[in-house]
Amino acid sequence: MNNRQFLITAMFFLLVITGYNQFVALPRARAAQQAAEAQLQQQNALQQQPAATLVSTDGTNISSLAATPAKPEELVTLDLPQAEVTFSSKGAGIKTFLFKDILGPVDLTPYTGEGYFATLPQVDFEETARTPDTITFTGNLAAGVQVEKKYQRISEGLYNLSLTISNHTAAPVKLADWQFNFGPGLATVKSELKDNERESKAVYLVQEQGKKNPTLETFTKNEKQPTLPWKWAGIENRYFLAVLIPQNWTPGKLTTEKIVIGKQKKFWGLSEGDLHGPRLQITVPGDVLQAGAAKTYDSKFYFGPKDYQLFQTPAYEPFRFERSIAFGFFGALGKIARNVLELFYKWTGNYGVAIIMITILLQLILCRFTVMQLKSAAQMKKIQPEVKRIQEKYKNDPASLQRETLALYQKYHVNPLMGCLPLLIQLPIFLALFNALRTSWALHGAKFVWWLTDLSAKDPYYILPILMGGVMFLQQRGNIPPGTDPAQAAMFKYMPLIFTLLFMNFPSGLVLYWLTNSLLTYAVQTLVNKKLVKVQ
């Protein structure tokens with residue numbers, strides 16, 4: 001394709017993208033936004049209905065006895081060691097959870113809504129007690145029916161949540177179903193915002209019969225209810241978890257939906273689209289309170305980062321929060337890699353150095369297979385001219401082509417499968433380490449050297465990806481056999497460029513691992529090739 005054809009093709013592609021955005025994508029986005037706004041208005045209207053739909057006694061509506069004008073929303077803040085938590089008087093939910101991150105405060109709940117763990121949002125709550133680690137709210141559900149809601153910090157990220165409904169009337173009171181709310185959406189640190197819409201999910205944990213470990217399930221809008229009792233449920237993304245753990249009550253159904261929570265750039269910034277986030281509600285079944293009786297619903301909840309090391313401590317182990325960390329298909333290997341990484345960090349005090357050490361360790365373990373692979377590649381490269389000659393000679397005789405090729409392999413003691421076998425052995429280990437680094441909260445805010453101050457974020461100057469691409473180019477250049485088909489040779493040449501572009505936005509800890517692995521492999525490759533040359 002000449003320059004003129006390339007320019008015409010590029011302009012045509014740009015026109016198609018622009019036209020699609022203007023006449024298809026943007027109208028769809030506007031329609032979705034209008035539908036979402038209408039849905040939110042309907043939800044708000046339902047939430048503002050009087051408490052008559054929730055409380056009755058002997059078939060008589062008693063909330064009219066306490067009918068008072070709705071009060072404006074008030075916000076109350078409790079400053080805790082891990083977060084600055086702001087509560088709303090409407091439902092006494094967490095309106096803002098400002099996580100005190102090592103790199104600066106992160107608002108995990110920036111989206112419009114009644115807030116996390118909000119209950120009975122039509123009730124006006126007031127703060128009635130506080131200590132450094134607790135805050136208590138009280139509201140009137142109806143005349144003579146009081147609700148008290150108490151939050152208490154237990155330890156890092158773990159809290160008690162107690163809700164007591166008291167019937168001070170002279171007659172039984174029937175309570176309708178009510179809900180604990182999660183969302184909408186769960187934000188994250190800056191380096192993860194691009195992937196957060198995909199990573200944010202409503203989840204629950206169940207223990208399946210016959211399985212040693214509980215299973216984390218994702219819950220979607222039209223999904224059937226869990227068939228087994230769940231231990232906890234809530235919302236997660238790659239780095240954070242917010243879940244409720246019922247203690248002395250049996251939860252009812254779960255309901256969830258993806259709703260529009262904002263706008264974001266799409267198609268490389270050419271257009272703007274809707275940003276969706278999950279909203280989850282956990283139903284608390286209604287009950288009958290006898291005259292003068294009270295009922296307390298105790299729960300625990302976790303709101304904080306997915307810290308694997310923290311989750312392994314005795315205080316957190318019973319909840320099995322580590323099941324929310326995605327180690328991938330080779331999870332057992334990933335956990336081993338994570339533990340070894342933490343061990344090296346204890347020795348060095350630097351996660352960058354620990355990543356280099358674990359990469360060297362893996363290379364030492366797999367060195368034999370790496371040498372086998374490189375020797376096989378070198379020998380295949382050596383006999384490639386003979387293979388090419390046989391292919392040309394017997395191109396119309398498949399049987400003879402196969403026979404002569406096998407004879408050539410036997411003559412030079414070449415086994416083509418030896419080039420693939422080491423890769424198959426190494427692949428699970430590399431994938432396990434890849435996932436372990438990808439999901440490691442410990443790398444967040446971890447410094448390495450100079451410009452690398454956060455190994456969970458991309459390299460701000462793209463130095464590591466470019467170095468990695470350069471090393472891969474040197475590797476590929478030495479592995480292209482003479483006489484290789486031009487199309488295949490071009491693929492080998494451009495692969496380093498593709499990997500460089502792909503790794504540009506990867507966490508720098510991952511790129512450091514891949515760069516170190518590439519350097520070690522290139523060094524072994526150089527030594528093996530020199531040795532083979534001497535033998536020849």
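Taking all protein chains together and a 1.4 Å probe, the residues TYR513, TYR111 rank TYR111, TYR513 from largest to smallest accessible area. As I understand it, the dipole of the stretch 271-317 uses +1 on the Cβ of Lys and Arg and -1 on the Cβ of Asp and Glu, about the Cα centre. Which of PHE303, LEU280, GLY292 lies farthest toward its positive end? Value: GLY292.
What the stretch 234-323 shows is 40 Å² of accessible area per residue, with the surface traced by a 1.4 Å probe over protein heavy atoms. Within the accessible surface of the stretch 368-480, defined with a 1.4 Å probe on protein heavy atoms only, the carbon and sulfur portion equals 62 percent.
All other residues whose Cβ lies under 15 angstrom from that of VAL189 are scored, Lys and Arg at +1 and Asp and Glu at -1, for a net of -2. Restricting the calculation to Cα atoms, the stretch 380-479 yields a radius of gyration followed by a Dmax of 22.1, 62 Å.
How big is the stretch 131-244 by the Kirkwood estimate over distinct Cα pairs, in Å? So the Kirkwood estimate lands at 17.4 Å.
For the stretch 184-235, applying the loop criterion from DSSP together with a ceiling of 15 other beta carbons within 10 Å to the trypsin sites (Lys or Arg not before Pro) yields LYS211, LYS212, LYS221, LYS224. A probe of 1.4 angstrom, applied to the heavy atoms of all protein chains, finds TRP441 with accessible area near 30 square angstrom. Take GLU342: with every protein chain present and a 1.4 Å probe, its accessible area is about 20 Å².
Net length available on complete extension from ARG389 to ASP79 is 103.9 nm, with 0.36 nm assigned per residue and the Cα-Cα distance removed.
When the alpha carbon gyration tensor of the stretch 338-411 is reduced to an equivalent ellipsoid, its three semi-axes come out at 47, 10, 10 angstrom, largest first.
What order do TYR116, TYR409, TYR345 take when sorted by accessible area (1.4 Å probe), most exposed first? List each step's numbers first, then the result.
On the way: TYR116 5, TYR409 40, TYR345 80 Å².
Reading off the accessible areas and sorting them downward yields TYR345, TYR409, TYR116.
For LYS393, the lysines whose Cα falls under 28 Å of its own Cα, not counting residues fewer than eight places away in the same chain, are LYS375, LYS381, LYS382, LYS411. The percentage of C-alpha pairs in the stretch 293-341 whose separation is greater than 14 Å is 61%. 3J(HN,Hα) along the stretch 429-440: 5, 5, 5, 4, 5, 4, 5, 5, 6, 5, 9, 7 Hz, from the Karplus curve 6.51 cos²θ - 1.76 cosθ + 1.60 with θ = phi - 60°, whole Hz, x for Gly and Pro.
Taking every Cα-Cα distance in the stretch 240-388 and sorting them into 5 Å bins from zero, the calculated P(r) comes out as 2, 6, 8, 10, 10, 10, 10, 11, 10, 7, 5, 4, 3, 2, 1, 1, 0, 0, 0, 0 percent.
Tell me the net charge near GLY328. Cut-off is 15 Å between Cβ atoms, GLY328 excluded, with +1 for each Lys or Arg and -1 for each Asp or Glu. All intermediate terms of the calculation are to be shown ahead of the outcome.
Values: positive: ARG238, LYS306, ARG323, LYS335, ARG338, ARG438; negative: GLU199, GLU322.
After counting each charged neighbour, the total is +4.
Amide H to amide H, with H built 1.01 Å from N, LEU175 comes under 5 Å of ASP287, VAL288, LEU289, counting only residues 5 or more places away or on other chains. Computed in the context of the full set of protein chains, the accessible area of the stretch 113-245 at 1.4 Å probe radius has 47% of its extent on carbon or sulfur. Over 30 Å apart at the Cα level, from the set LYS190/LYS211; LYS258/LYS447; LYS90/LYS201; LYS458/LYS493; LYS174/LYS306, are LYS190/LYS211; LYS258/LYS447; LYS174/LYS306. Computed with every protein chain present, the accessible area of SER162 is close to 30 Å² [probe 1.4 Å].
Sequentially through the stretch 344-350, phi angles give Karplus couplings (6.51, -1.76, 1.60; θ = phi - 60°) of 5, 5, 4, 6, 9, x, 9 Hz, Gly and Pro residues having no value and appearing as x.
The values are calculated or read from the model by the stated rules, or taken from the named source; none is laboratory data. Since we're looking at a predicted model, the values are computed, not measured. Every residue, glycine among them, receives a Cβ derived from its backbone with ideal geometry; neighbour counts consider all protein chains shown. These accessible areas exclude ligands, DNA and RNA; they are computed on the full protein's heavy atoms, side chains included. Shrake-Rupley method; radii C 1.70, N 1.55, O 1.52, S 1.80 Å.
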